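Beneath this line is the structure, given in structure tokens, with notes to follow.
The values are calculated or read from the model by the stated rules, or taken from the named source; none is laboratory data. Predicted, not measured: the structure shown is a model, and the values here were computed from it. Cβ placement follows ideal geometry from the backbone for every residue including glycine, while neighbour counts extend to all protein chains displayed. For accessibility, only protein heavy atoms count, side chains too; no ligands or nucleic acids. Shrake-Rupley method; radii C 1.70, N 1.55, O 1.52, S 1.80 Å.
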Amino acid sequence: VAQLLDAGLFPCSFTEPKSAIAFSVLRRFEILHVESKVPAFDFYGALRRTSDNAFTVDVPDMFDNFIRSSRWWGVLNAQKRAGQAHGIDGFLTHRPKGNTILYCPSCPEPGFNMDNKLLKLPPDLRHLNQQRETIDGNFHCTKSTKNSDPNDYSLYQGSGFSPLTPTSKPISTTTPRERVRGLLR
């Protein structure tokens with residue numbers, strides 16, 4: 001595995017690697033997927049055509065390997081970008097350990113990037129110290145919900161926005177429509 005990584009190749013398996021994907025291919029897919037919303041299936045189809053445009057059926061099907069590798073690539077990049085690969089937990093002790101969430105550097109965090117005196121502002125100025133934490137600023141989380149593959153699991157192991165085990169409880173057992181109907185009766 002180390003020899004493949006040194007050569008700029010990402011192994012499709014960490015136990016017995018028989019194939020690998022070039023870092024440049026994974027980088028290109030990551031950029032195209034984020035910027036142009038290119039699905040993995042379409043990107044892989046383009047790779048097959050690049051390999052052999054006349055006889056794409058002769059190109060070995062490695063789509064599952066590509067998906068697995070691109071998911072691991074994304075997790076490793078998130079850990080690197082969040083500083084986990086560099087031991088950031090030792091410096092930012094007020095944040096959860098192993099966290100891969102990128103925090104806004106200009107948003108006020110008491111005890112970290114703002115003076116504690118600012119916590120005692122008069123009520124009419126408290127709006128200056130707002131800290132907003134949102135999981136989905138672009139409202140795209142609902143588009144990511146997948147119920148089709150029961151074997152699909154998170155590689156982040158609770159270090160991202162979603163916890164490892166669900167900790168939230170339902171607010172109510174009735175739907176909003178049922179509550180409104182109850183009020184109108």
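Before moving on, here are some points about what is shown:
- Counting protein heavy atoms only, segment 1-121 has 58 percent of its accessible area on carbon and sulfur, 1.4 angstrom probe.
- FRET efficiency, 1/(1 + (r/R0)^6) with R0 25 Å, evaluated for Ile67 and Ile88 via beta carbons: 0.30
- Peptides ranked, highest mean first, by Cβ atoms within 10 Å: ranges 45-52, 105-112: 45-52, 105-112
- Annotation: amide H-H contacts under 5 Å for Met114 (H modelled 1.01 Å from N, sequence separation of 5 or more, or interchain): Glu109.
- A P(r) calculated from all alpha carbon pairs of segment 3-118, with 10 Å bins opening at zero, reads 11, 32, 27, 16, 10, 3, 1 percent.
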